[in-house]
Amino acid sequence: MAIASAIYVGVVMLTDVGISQSVIVHQDGGDDLFLDTAWVLQIIKGALIAVALFLGSTWAANFYQDSRLQEIIRIISATALIGGFNSTKLQTAHRKMQERQYFWVGLGSQVTGLVVMVILALFNKSPSSLAWGGLASAMFTCAISHFYYPGRLNRLRLDENHARQIMRFGGLILVSSTLTFACGEGSKLLMGSLMDMKTMGMVSIAASLSGLCIGVVQMLSGKIFFPAYAELHREQNHRKLHIFVGRARVVQVTFIWAISLIILVISRPLISILYDSRYIGAAAIMEIMAIGNFAVALNVSYANLETSISRPELTIKIVMAMASGLWAAVFIGHYYWGNIGVIYGIAASGWLSYPVISYIYLRAGFWYPKIDFPVIFLSMVVITVWALFGPGLTRVI
């Protein structure tokens, strides 16, 4: 199921043309004809993804030598097809920041999928029950998006001008999504080729636990800050937007920094509770990852700003800066210090890319030195204390 999910995520990201983002960001995003055009394009995209997954299911099953993959991927292809028919009322609610409705629909979708998955798993102990749960969740979301939210139903109408606007905006989104996918999944493949499987397993555990706070902030940014940024940009209230982005960054940076500091302190007892002694090395790696989060907090707190101000080309530059910093740090670390160097390289990559990312936002008018410099100073203090008095990494790796 993990392989099938990775294939699905890859196909979705590599076909992301920014339809949902266009509805939220574009000045005409509330126009009926614009919404109908976006809906038709969304249906076409869902159908193309479904066909690609369905036709590729046999190849995937043969490549990974697992016949179950064919059934699972074909179920996922149906999920993609149904998702294409979701009403644009979902994006409209997001655009208008009606997050309460958005939350309940999401919760209902998750519960529906979970119930179906559990029932099928009880009678048919197969990984396909997870895929069937996802399909049920998609069907619930599609139905509820049309009939729960107030407003008119979408119609099959396609306006050439609106379609051109969406696709022009989506072209840069597509490049950005491709680079993001390559950076995320590519870095995992890169590290997997440089480290032994035992160390890679501990890195995966450490990264998952230490990265939870970043995931929460990214979700918060996408659900709340993104539509708020977009609304202020549409109103052309640049001063208010600049102030709001600064305040949003303070919230995000403070949360990531505080949680990372806690992780730095409790990583060893936490790993001891969750895992047996074979994985104690993950605790030391978590400490390194937590230190790296101090820089990540500064970079990720800008998330969704570029898209909301209709500057997706900035995302491309930022992703390239992050990827360059990561790969350079990992390669240099591995060349000189092996596994330990790779781990330190991952943590250092955020600090390497920070100056470039800051310069990009400075040119765009959104750099906040009064926020960043105190965070950098406090981070240096914590890193110094940890380096002098911490237990270190070399003793466990």
*Simple Cβ-charge dipole of the chain, Lys/Arg +1 and Asp/Glu -1, about Cα centre, in debye nearest 20*: 420
*Calculated FRET value between Trp327 and His238, using beta carbons and R₀ = 35 Å, to 0.05*: 0.50
_Additional length obtainable on full extension of the chain from Ser272 to Leu48, 0.36 nm per residue less Cα span_ = 76.0 nm
*Peptides 89-95, 220-226: what's the order by average Cβ count within 10 Å, highest mean first?*
89-95, 220-226
*Residues of the chain: accessible area per residue with a 1.4 Å probe, Å²*: 50
*Please tell me which of these pairs span more than 25 angstrom C-alpha to C-alpha: Lys45/Lys240; Lys89/Lys223; Lys45/Lys89; Lys198/Lys317; Lys198/Lys223?*
Lys45/Lys240; Lys198/Lys317; Lys198/Lys223
*Ranked highest first by the average count of other Cβ atoms within 10 Å around their residues, in what order do 250-262, 143-155 fall?*
250-262, 143-155
_Given the -39500 (n - 2.57) contribution per DSSP H run of 4+ residues, what per-residue ellipticity at 222 nm results for the chain, rounded to the nearest 500 deg cm²/dmol?_
-27500 deg cm²/dmol
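The values are calculated or read from the model by the stated rules, or taken from the named source; none is laboratory data. Treat the numbers as computed from the prediction; the structure is a model and nothing was measured. Counting neighbours? That spans all protein chains shown, and the Cβs are built from the backbone with ideal geometry, glycine included. Each accessible area value is taken on the protein alone, full model and side chains, heavy atoms only, with ligands, DNA and RNA left out. Shrake-Rupley method; radii C 1.70, N 1.55, O 1.52, S 1.80 Å.
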